[in-house]
1. Any idea how far apart ALA19 and LEU77 come out in nm if each label point goes 7 Å out from Cα toward Cβ?
2. Quantify, in whole percent, the carbon and sulfur part of the accessible surface of segment 8-78 (1.4 Å probe; protein heavy atoms only).
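The values are calculated or read from the model by the stated rules, or taken from the named source; none is laboratory data. None of these values were measured; they are calculated from a predicted model. Note that each Cβ is placed from the backbone with ideal geometry, even for glycine, and that neighbours are counted across all protein chains shown. Heads up: the accessible areas ignore ligands, DNA and RNA and are worked out on the full protein's heavy atoms, side chains in. Shrake-Rupley method; radii C 1.70, N 1.55, O 1.52, S 1.80 Å.
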Amino acid sequence: MNIIQDIIHDTSNRRKHFAGGVVCGACLTVLFAAGIATGMEWKDWSSGGVFDWKDWWATVIGGLIGQVIQASVIYLLL
């Protein structure tokens with residue numbers, strides 16, 4: 001499965017990762033969302049889990065979409 005299908009057919013909490021990325025990207029930037037994603041996955045890895053790249057990508061893709069929303073709102077307001 002690719003990442004978009006994983007987000008749609010939620011096998012873990014990727015929808016939450018995606019939604020959190022959208023909020024982070026809309027309020028701040030996609031780079032902030034990438035930092036948050038790295039921190040969340042680092043926490044999982046350091047507590048004995050695995051660094052799940054699909055969760056990381058779901059957060060970053062959500063951040064990218066949030067950044068596009070932010071830029072669109074700014075463009076429409078100016």
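1. Going by the 7 Å Cα→Cβ label model, 2.4 nm.
2. The value for segment 8-78 is 75 percent carbon and sulfur by accessible area.
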